[in-house]
1. Could you identify the single residue in Leu47, Leu33, Leu7 that is in the same structural domain as Pro149 (by TED's automatic domain parsing) and within 15 Å of the chain's Cα centre (by Cα)?
2. Has the stretch 145-167 got any residue that is touching a residue at least 40 places away in the same chain (Cβ under 8 Å), part of a helix (DSSP H, G or I), out of contact with any strand residue (DSSP E or B) (no Cβ under 7 Å at 6 or more places or on another chain) and closer than 27 Å to Arg198 by Cβ?
3. Restricting to the stretch 266-282, and then to whatever is hydrophobic (A, V, I, L, M, F, W, C) and in contact (Cβ under 8 Å) with a residue 12 or more places away in the chain, can you tell me which residue is surrounded by the most Cβ atoms within 10 Å (Cβ to Cβ)?
4. Residues to consider are Gly77, Gly56, Gly6; find the one that is assigned to a strand (DSSP E or B) and in contact with a helix residue (DSSP H, G or I) (Cβ under 6 Å, 6 or more places away or on another chain).
5. Name the residues in the stretch 55-77 that are in contact with a strand residue (DSSP E or B) (Cβ under 6 Å, 6 or more places away or on another chain) and aliphatic (A, V, I, L, M), would you?
6. Got at least one residue in the stretch 121-133 being in contact with an Asp or Glu (Cβ under 9 Å, 6 or more places away or on another chain), crowded, with 18+ Cβ neighbours inside 10 Å, part of a helix (DSSP H, G or I) and in the same structural domain as Ile176 (by TED's automatic domain parsing)?
7. I'd like to verify a number: residues in the stretch 241-256 that are crowded, with 19+ Cβ neighbours inside 10 Å and of a type outside the set (Val, Ile, Thr), how many?
8. Working only within the stretch 10-30, note down all residues that are over 13 Å from the mean Cα position of the chain (by Cα), assigned to a strand (DSSP E or B) and over 15 Å from Leu47 (Cβ atoms).
Amino acid sequence: MIQVNGLIKDYGARRALDKISFDANQGEIVGFLGPNGAGKTTTMRILTGYMPPTDGTAIVAGYDVVEESLEVRKRVGYLPETVPLYTDMTAVDYLKFMADLRHIPDSEERAYETLEMVDLQDRATGYIGNFSKGMRQRIGLAQALIHRPEVLILDEPTIGLDPAQVVEIRNVIRDIGKDRTVLLSTHILSEAQQMCDRVLIINKGQIVAEDTPENLQSRLVGSQRVVLRVRGDSDGLPAKIQKVKGARDVESKPDGSVEFEFSTGQDVRPQVAKAVIQAGFDLLEMRPVGMSLEEIFLELTRDNASGKKSS
């Protein structure tokens, strides 16, 4: 797991990280979001032992990144934005080489096992120089996994990939994240919404939000909007929903659905469902309609007219 407390990083007079604190647990995929220059890559480099912080502490897999850097590196897998690959090597030879660097016994066997983890076992003897961008990303992910790390840190793992390749890498990361701690940065906000258990939003070196996308939406707007669909004609349905205490702003839509709203902390969906069924309607769907992660991200990272961050 990862525990960060009051982390500061200064580059001369410029403060890249300003007392950030967060954690990430085993079996959790945490998205690290922010504009360019917000401090994402700096944080990841500190957590992987590539550079020291100016102040604050970071504990990764139980070890301090400054005082016990070598122990941290043994337990962390890192996929940087630009994957370090030797294009004149085959996939299996490259991974065997990386395993040998880490003094892993039976390095060839480990290389084949790791290729299977990223679904590239059928290209084991292929030259990396002939691989597609998506395949190279998977090889990069394999080198981060070769030593079976407890923590995986991924910097823009799907950047530059086509939609099919994005799906491939996303599925691999989901599977890996079942029993490891995964921290990944991404500019693809819909990807974070679909893949991450929790998101951290960083802006100008400070964490401005930390929660699930659903909870962030609730915190920002203070209410939840729901769309409801029934079988057949929905005439008379809005009036039935309006009578439920706590349901408000009930509205019929051109497609026959009905939307309503309720305050955060006062979930009236069970009462609405009961009212709909008692009124003789067949309830087909009831789902939330909230702000997208893109809207949340823009709201939390934009500067308002007074020059202060939105909160």
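1. Leu33
2. Looking for residues that are touching a residue at least 40 places away in the same chain (Cβ under 8 Å), part of a helix (DSSP H, G or I), out of contact with any strand residue (DSSP E or B) (no Cβ under 7 Å at 6 or more places or on another chain) and closer than 27 Å to Arg198 by Cβ, one finds none in the stretch 145-167, hence no.
3. Going through the qualifying residues, I end up with Val272.
4. Numbers: Gly56 fails: in contact with a helix residue (DSSP H, G or I) (Cβ under 6 Å, 6 or more places away or on another chain); Gly6 fails: in contact with a helix residue (DSSP H, G or I) (Cβ under 6 Å, 6 or more places away or on another chain).
Just one listed residue meets the conditions, Gly77.
5. Ala58, Ile59, Val60, Ala61, Val65, Val72, Val76
6. Yes, some residue in the stretch 121-133 is in contact with an Asp or Glu (Cβ under 9 Å, 6 or more places away or on another chain), crowded, with 18+ Cβ neighbours inside 10 Å, part of a helix (DSSP H, G or I) and in the same structural domain as Ile176 (by TED's automatic domain parsing).
7. The first filter runs over the stretch 241-256 and keeps only residues crowded, with 19+ Cβ neighbours inside 10 Å, leaving 241, 244, 247, 250.
Subsequent filtering for residues that are of a type outside the set (Val, Ile, Thr) retains 247.
Number of matching residues: 1.
8. Asp10, Tyr11, Arg14, Arg15, Asp18, Lys19
The values are calculated or read from the model by the stated rules, or taken from the named source; none is laboratory data. Bear in mind the structure is a predicted one, so any value in this text is a computation, not a measurement. Positions of Cβ are generated from backbone atoms using ideal geometry, with glycine treated the same way; all protein chains shown enter the neighbour counts.
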